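Asks: Dumping the structure here so I can ask a few things about it.
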Amino acid sequence: MTLLIVASIFFLAFLGTPLFAVIGLAALISFHTADIDSAAIFIELYRIAGNPTLIAIPLFTFAGFILANGKTPERLARLSQAILGGIPGGVPLVVLVACAFFTAFTGASGVTIIALGGLLYPLMLKEMYSKDFSLGLMTSSGSLGLLFPPSLPLILYALIAQVNIDRLFLAGIIPGLLMIFLLTLYSISKSRTFNISLHSFDGKDALSAIRQAAWDIPLPFIILIGIYSGIFTVTEAAAVTVIYVLVIAIWVNKDLHPVHDIPCLMKESMVLVGAILIILGTAMGFTNYLIDEQVPMQILDVMKQHIDDKITFLILLNIFLLAVGCMMDIFSAIIVVVPLVVPIAQSYGVDMVHLGIIFLTNLEIGYSTPPVGINLFISSSRFSEPVVTLYRAVLPFLGLRLIALFFITYFPILSLFIPHLFGR
């Protein structure tokens, strides 16, 4: 009977049943089988909803939607091109920086590809970069900013793993920059291969771009300086961000109309947040059942019979998380997998902040990993190219990101240096 129930749940998932419904059904059946009141699921949802840190998620999500639907992508692309376009590999660096900035605020790589793809992809082709290189760079860059604050996946991981958000924000800076650095080196070498001509720096154009983006540039500095100087908490930073982007989008830059646009964006962003909260509540309820049944401990016992050291555990963890990153969206993966992985990683002495960066780096790479990474299909649709073409285009970038993953995984100092430096 149990096997039949499990098979039925997997069949529902295969048919495309919403993830929260599949997880909720599994939780309800599990609690019923164990003679536990199903109210435990709803108690868990209430407990999570009462967490003050959770408020940052809808606020940052709303701010990201405002940025994505205004003219910030155009201003950001022009600014990056004006300042960086004249150096070797400058245009690819524009793509890397613009995408990383944008994804950090939207928390969704698909949005970045859709919002910036129409601007940056034609720019690379115009500069005579090959189609495969341009497609591969655009697809891979879509998820680069997930390690930079105020990335929503960072907040969600901190919430579920119960680690300090400030430490996690600091921990992602060097690994994120390492990823960009390796891709920049590759882009410079390809620029020389393609004999890309350099443009001389135009001070007037750069000054014009800075003036145009004058209100967009301070945003990340306001958030980071505000948080780490102690002026406001992460939740307060989210509120400040919303007020700031609303003011500049409606009254300063006049990108959006307060009546025609803002209510629609509020509705769209809260639908996404609602989906995250429902998945979060059902998943945490189901996770509580698994913990009560000591499932993580049973998995740990099996692993300890075959895995003797931390290094081997991290190798298997990376393989597992890359597969998860291909098949699940990042929010669902964090909510479902983190509670199971955390106790096992702790038993091998893995720092929880370091684990968070490993976790998110894998999921970030999984977005563009063949055959089913979601960014591959988004780019295929956005740029009207066969998905097989995207498979070939992302391979060099995938290799470089896996090299970065190796350093991030096996050199914890990359993640923990800045938090230790600031005494956090």
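The values are calculated or read from the model by the stated rules, or taken from the named source; none is laboratory data. Since this is a predicted model, take the numbers as computed values, not measurements. Here the Cβ is made from the backbone with ideal geometry for all residues, glycine too, and neighbour counts use every protein chain on show.
Asks: Could you please find all residues in the stretch 111-133 being buried (at least 20 other Cβ atoms within 10 Å of the Cβ) and in contact (Cβ under 8 Å) with a residue 60 or more places away in the chain?
Replies: Passing the criteria: I113, G117, Y121, Y129, F133.
Asks: Go through S269, S229 for me and flag whichever is under 16 Å from I55 (Cα atoms) and not charged (D, E, K, R).
Replies: The unique qualifying residue is S269.
Asks: Would you point out the residue of the stretch 98-142, among those that are among the small types (G, A, S) and more than 27 Å from L59 (Cβ to Cβ), that is farthest from the chain's Cα centre (by Cα)?
Replies: S130
Asks: Given A7, A40, which one is modelled with pLDDT of 70 or more and more than 30 Å from A239 (Cα to Cα)?
Replies: On the way: A40 fails: modelled with pLDDT of 70 or more.
Only one candidate qualifies: A7.
Asks: Pick out the one residue from M352, M327 that is among the aliphatic types (A, V, I, L, M) and at pLDDT below 90.
Replies: Working: M352 fails: at pLDDT below 90.
Criteria check complete, one pass: M327.
Asks: Let me ask something else about it. Does A323 count as more than 23 Å from T106 (Cβ to Cβ), in a helix (DSSP H, G or I), under 18 Å from the mean Cα position of the chain (by Cα) and not hydroxyl-bearing (S, T, Y)?
Replies: The answer is yes for A323.
Asks: Are any residues in the stretch 327-336 part of a helix (DSSP H, G or I) and either surrounded by fewer than 20 Cβ atoms within 10 Å (Cβ to Cβ) or not assigned by TED's automatic domain parsing to the domain that holds Y157 (or both), and if so, which ones?
Replies: M327, S332
Asks: Is it the case that some residue within the stretch 154-175 is in contact with a Leu (Cβ under 7 Å, 6 or more places away or on another chain), assigned to a helix (DSSP H, G or I), closer than 30 Å to T282 by Cα and among the hydroxyl-bearing types (S, T, Y)?
Replies: Within the stretch 154-175, one or more residues are in contact with a Leu (Cβ under 7 Å, 6 or more places away or on another chain), assigned to a helix (DSSP H, G or I), closer than 30 Å to T282 by Cα and among the hydroxyl-bearing types (S, T, Y).
Asks: If only one of Y129, Y121 is under 20 Å from L398 (Cβ atoms) and either among the basic types (K, R) or not in a helix (DSSP H, G or I) (or both), which one is it?
Replies: Y129
Asks: Something else: Take the conditions surrounded by 14 or more Cβ atoms within 10 Å (Cβ to Cβ), assigned by TED's automatic domain parsing to the domain that holds G85 and at pLDDT 90 or above and apply them to S191. Does it pass?
Replies: no
Let's see how each residue does on (1) of a type in the set (F, W, Y); (2) within 14 Å of A63 (Cα to Cα); (3) surrounded by fewer than 17 Cβ atoms within 10 Å (Cβ to Cβ):
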position	(1), (2), (3)
L198	no, no, yes
A209	no, no, no
P220	no, yes, yes
V240	no, yes, no
I243	no, yes, yes
S269	no, yes, no
L272	no, yes, no
